[in-house]
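Novice: Take this structure, written in structure tokens, and hold onto it; I'll ask about it next.
The values are calculated or read from the model by the stated rules, or taken from the named source; none is laboratory data. None of these values were measured; they are calculated from a predicted model. In this analysis, Cβ positions are derived from the backbone assuming ideal geometry, glycine residues included, and neighbour counts consider all displayed protein chains.
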């Protein structure tokens, strides 16, 4: 997806609060422990031979490109895992667009700060990148009424924190997994005997779950609506067909556009009148936000 540097504010509070993922502290601890084990192994050999054991230092993390910072919970855990007594000060609020500047300061043992550096920056840069791309998409849709949705195209093991980063950037979280919503795709419909039959089966079997159905043309849309679908995904439709789908639906169901969405094309899709636009790139292709960490000794 292409990008631009216009200042961006997150979506309004109503949108940002919809289905915000709850982050389990135990999950965050596990993610940090795994990341440090992968990076540090049985010890930081470089820090051990170059830094005195008792040396103290101050680490300053700085944002070097425009964007939205998110991921303090993981970055701070990485620092504290290496030095439980580290003193940390946040310099920016998460979820707010800014051009550049100080992000975080940490003071502790120099060896610990150096050992935790890459893990902390990996989490912070990756999640800030997701939040930043989301914020760009939100800005592109301002005034259209359409909202940005994430997908399940997430990094294995990082889904909850990546979805939280989408939320921080002003996006709306779609289903978390296969368990919390029924999403009838093309293969499900084929197995059930058609779009309408798949919707009827889902409504009868699981009235407790939200149900969405994917359609590829206007005939399938009519079939889904006749079966009582309340949310429909318009898969890879051109703009003219999407506008016709909105007209035919006439508010009977909410509509989600999906497939081949780019940042440059978002506004045109939003202008068709759809309610949501799902963007897999939010989590599978977001570039990391450019951050740096500089260390200075403390006497």
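Novice: Does segment 145-157 contain any residue that is farther than 24 Å from residue 287 by Cα and loosely packed, with under 15 Cβ neighbours inside 10 Å?
Specialist: There is at least one residue in segment 145-157 that is farther than 24 Å from residue 287 by Cα and loosely packed, with under 15 Cβ neighbours inside 10 Å.
Novice: Looking at segment 84-91, is at least one residue assigned to a strand (DSSP E or B), on the phi < 0 side of the Ramachandran plot and in contact with a helix residue (DSSP H, G or I) (Cβ under 8 Å, 6 or more places away or on another chain)?
Specialist: Within segment 84-91, one or more residues are assigned to a strand (DSSP E or B), on the phi < 0 side of the Ramachandran plot and in contact with a helix residue (DSSP H, G or I) (Cβ under 8 Å, 6 or more places away or on another chain).
Novice: Separate question: Let me confirm something: among 257, 247, which residue is surrounded by fewer than 23 Cβ atoms within 10 Å (Cβ to Cβ), at pLDDT 95 or above and either not in a loop (DSSP other than H, G, I, E, B) or not assigned by TED's automatic domain parsing to the domain that holds residue 63 (or both)?
Specialist: Numbers: 257 fails: surrounded by fewer than 23 Cβ atoms within 10 Å (Cβ to Cβ).
Only one candidate passes the filter, namely 247.
Novice: Within segment 244-270, which residues are over 20 Å from the mean Cα position of the chain (by Cα), within 16 Å of residue 141 (Cα to Cα) and free of Cβ contacts under 8 Å to residues at least 40 places away in the same chain? Before the answer, list the steps.
Specialist: We begin by selecting, within segment 244-270, every residue over 20 Å from the mean Cα position of the chain (by Cα); these are 244-255, 268-269.
Okay, now just the ones that are also within 16 Å of residue 141 (Cα to Cα), so 255, 268-269.
Residues satisfying the conditions are 255, 268.
Novice: In segment 192-201, is there at least one residue being closer than 30 Å to residue 91 by Cβ and assigned to a loop (DSSP other than H, G, I, E, B)?
Specialist: Kept after step one, since they are closer than 30 Å to residue 91 by Cβ, are these residues of segment 192-201: none.
Taking every residue of segment 192-201 in turn, none turns out to be closer than 30 Å to residue 91 by Cβ and assigned to a loop (DSSP other than H, G, I, E, B).
Novice: In contact (Cβ under 8 Å) with a residue 60 or more places away in the chain and not assigned by TED's automatic domain parsing to the domain that holds residue 78: is that true of residue 169 in this structure?
Specialist: Working: in contact (Cβ under 8 Å) with a residue 60 or more places away in the chain: yes; not assigned by TED's automatic domain parsing to the domain that holds residue 78: yes.
In short, yes.
Novice: Considering each residue of segment 19-62, count those that are under 19 Å from the mean Cα position of the chain (by Cα) and not in a helix (DSSP H, G or I), and give that number.
Specialist: Restricting attention to segment 19-62, the residues satisfying the condition of being under 19 Å from the mean Cα position of the chain (by Cα) are 19-25, 27-28, 31-32.
Checking which are not in a helix (DSSP H, G or I) leaves us with 19-24.
Number of matching residues: 6.
Novice: From the list 73, 106, which residue is crowded, with 24+ Cβ neighbours inside 10 Å and either outside any helix (DSSP H, G or I) or assigned by TED's automatic domain parsing to the domain that holds residue 21 (or both)? Working first, answer last.
Specialist: Values: 73 fails: crowded, with 24+ Cβ neighbours inside 10 Å.
The unique qualifying residue is 106.
Novice: Residue by residue through segment 172-201, note down the ones that are free of Cβ contacts under 8 Å to residues at least 12 places away in the same chain and buried (at least 16 other Cβ atoms within 10 Å of the Cβ).
Specialist: 188, 192, 201
Novice: Okay, next question. In segment 202-216, what count of residues is obtained for those that are in a loop (DSSP other than H, G, I, E, B) and free of Cβ contacts under 8 Å to residues at least 24 places away in the same chain? Spell out the reasoning first.
Specialist: To start, the set of residues in segment 202-216 that are in a loop (DSSP other than H, G, I, E, B) comprises 206-210, 216.
Narrowing the set further to residues that are free of Cβ contacts under 8 Å to residues at least 24 places away in the same chain leaves 207-208.
Residues meeting the conditions: 2.
Novice: Looking at segment 44-61, can you tell me whether even one residue there is out of contact with any helix residue (DSSP H, G or I) (no Cβ under 9 Å at 6 or more places or on another chain) and surrounded by 12 or more Cβ atoms within 10 Å (Cβ to Cβ)?
Specialist: Checked segment 44-61: at least one residue is out of contact with any helix residue (DSSP H, G or I) (no Cβ under 9 Å at 6 or more places or on another chain) and surrounded by 12 or more Cβ atoms within 10 Å (Cβ to Cβ).
Novice: Please enumerate the residues belonging to segment 5-43 that are touching a strand residue (DSSP E or B) at 6+ places or on another chain (Cβ under 9 Å) and either modelled with pLDDT of 95 or more or surrounded by 11 or more Cβ atoms within 10 Å (Cβ to Cβ) (or both). Talk me through it step by step, then tell me what you get.
Specialist: Keep residues of segment 5-43 that are touching a strand residue (DSSP E or B) at 6+ places or on another chain (Cβ under 9 Å), which gives 7-11, 15-16, 18-19.
Those that are touching a strand residue (DSSP E or B) at 6+ places or on another chain (Cβ under 9 Å) and either modelled with pLDDT of 95 or more or surrounded by 11 or more Cβ atoms within 10 Å (Cβ to Cβ) (or both): 8, 9, 10, 11, 15, 16, 18, 19.
Novice: Another one. Would you check which residues across segment 217-239 are part of a loop (DSSP other than H, G, I, E, B), surrounded by 18 or more Cβ atoms within 10 Å (Cβ to Cβ) and more than 25 Å from the chain's Cα centre (by Cα) and list them? Walk me through how you get there before you give the answer.
Specialist: Of segment 217-239, the ones part of a loop (DSSP other than H, G, I, E, B) are 217, 227-230, 236-238.
Retained after the next criterion (residues that are surrounded by 18 or more Cβ atoms within 10 Å (Cβ to Cβ)): 227, 229, 237.
Answer for segment 217-239, where residues must be part of a loop (DSSP other than H, G, I, E, B), surrounded by 18 or more Cβ atoms within 10 Å (Cβ to Cβ) and more than 25 Å from the chain's Cα centre (by Cα): 227, 229.
Novice: Can you say whether residue 66 is surrounded by 19 or more Cβ atoms within 10 Å (Cβ to Cβ), farther than 19 Å from residue 34 by Cβ and at pLDDT 95 or above, as far as the supplied structure shows? First the steps, then the outcome.
Specialist: Values: surrounded by 19 or more Cβ atoms within 10 Å (Cβ to Cβ): yes; farther than 19 Å from residue 34 by Cβ: yes; at pLDDT 95 or above: yes.
Against the criterion (surrounded by 19 or more Cβ atoms within 10 Å (Cβ to Cβ), farther than 19 Å from residue 34 by Cβ and at pLDDT 95 or above), residue 66 qualifies.
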